[in-house]
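Have a look at the structure below, then the notes.
The values are calculated or read from the model by the stated rules, or taken from the named source; none is laboratory data. None of these values were measured; they are calculated from a predicted model. Neighbour counts run over all protein chains shown; Cβ positions are idealised from the backbone, glycine included.
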Ligand SMILES: [Fe+2]
């Protein structure tokens with residue numbers, strides 16, 4: 001079957017316009033849904049400007065070793081090399097800016113995260129307001145954050161989200177990842193990008209979709225990030241390459 005990326009896009013003007021029966025149905029059958037029209041390019045440009053302005057390389061924390069409480073604050077870390085999660089060994093190179101809803105809105109992203117969390121909740125048939133601005137009694141919270149894949153080799157090995165899926169399963173939530181496209185192939189970088197593999201065919205987000213598109217995929221979907229501008233020198237000194245936002249449901253491990 002020919003996979004046409006445009007078939008995954010749903011155009012809307014506001015959240016109320018979105019038919020979540022249709023979204024869930026599409027996720028069930030296609031594993032991928034793109035929601036277009038909710039976030040403007042201007043809003044994203046504004047946030048990227050803030051990320052660049054706020055960024056200090058010396059604030060990078062190491063790949064592992066932080067406490068669970070650290071990431072519940074505005075917290076920056078550089079993830080390098082391999083790490084085992086639930087017996088699965090994965091390698092990667094990217095920077096994360098944890099930016100929880102109860103912390104200062106340093107990137108002017110909180111309004112956007114809130115919308116993304118609502119979408120995540122509604123996809124999973126959960127109360128719309130679940131884990132928006134607090135850690136729920138069962139320890140679940142939304143790890144709102146920015147990921148930056150630097151020019152010159154930022155990547156993430158192809159995988160399925162086993163850890164996050166486990167958190168969702170233990171708490172009886174069907175698992176969906178909701179992310180935001182904040183950069184574009186050909187504009188912010190020349191090669192590589194985030195992808196899902198459907199029926200053996202790669203769909204590269206930054207190639208097929210626009211800045212401001214919200215991308216939803218499910219646990220069955222293989223995904224990863226192909227090396228960003230691998231023919232260039234690695235640049236860890238500035239905010240460059242691919243940028244995206246996540247609102248994954250995390251479990252506070254006490
Ligand atoms: Fe993942």
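One table, with the values for the structure above:
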| item | result |
| --- | --- |
| Residue that is away from the ligand (no atom under 16 Å from the Cβ), within 17 Å of the chain's Cα centre (by Cα), surrounded by 20 or more Cβ atoms within 10 Å (Cβ to Cβ) and at pLDDT 95 or above, where the choices are 146, 117 | 117 |
| Lone unmet requirement of (1) within 16 Å of the ligand (Cβ to nearest atom); (2) part of a strand (DSSP E or B) for residue 141 | (1) |
| Selection from the stretch 48-59 of residues that are assigned to a loop (DSSP other than H, G, I, E, B) and surrounded by 15 or more Cβ atoms within 10 Å (Cβ to Cβ) | 55 |
| Test: residue in the stretch 156-177 that is away from the ligand (no atom under 16 Å from the Cβ), at pLDDT 95 or above and surrounded by 16 or more Cβ atoms within 10 Å (Cβ to Cβ) | no |
| Which numbered condition residue 240 fails, given (1) over 19 Å from residue 91 (Cβ atoms); (2) in contact (Cβ under 8 Å) with a residue 60 or more places away in the chain; (3) under 13 Å from the mean Cα position of the chain (by Cα) | (3) |
| Matching residues in the stretch 4-47 - criterion: being in a loop (DSSP other than H, G, I, E, B) and surrounded by 16 or more Cβ atoms within 10 Å (Cβ to Cβ) | 18, 31, 37, 38, 39 |
| Selection count where residues are crowded, with 20+ Cβ neighbours inside 10 Å and within 16 Å of the ligand (Cβ to nearest atom), scope the stretch 222-242 | 3 |
| Members of the stretch 186-197 found to be surrounded by 19 or more Cβ atoms within 10 Å (Cβ to Cβ) and either at positive phi or away from the ligand (no atom under 16 Å from the Cβ) (or both), listed by number | 188, 189, 192, 193 |
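Condition check ((1) more than 16 Å from the ligand (Cβ to nearest atom); (2) within 12 Å of the chain's Cα centre (by Cα); (3) modelled with pLDDT of 95 or more; (4) assigned to a loop (DSSP other than H, G, I, E, B)) across all residues:
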| position | (1), (2), (3), (4) |
| --- | --- |
| 130 | yes, no, yes, yes |
| 180 | no, yes, yes, no |
| 207 | yes, no, yes, no |
| 215 | no, yes, yes, no |
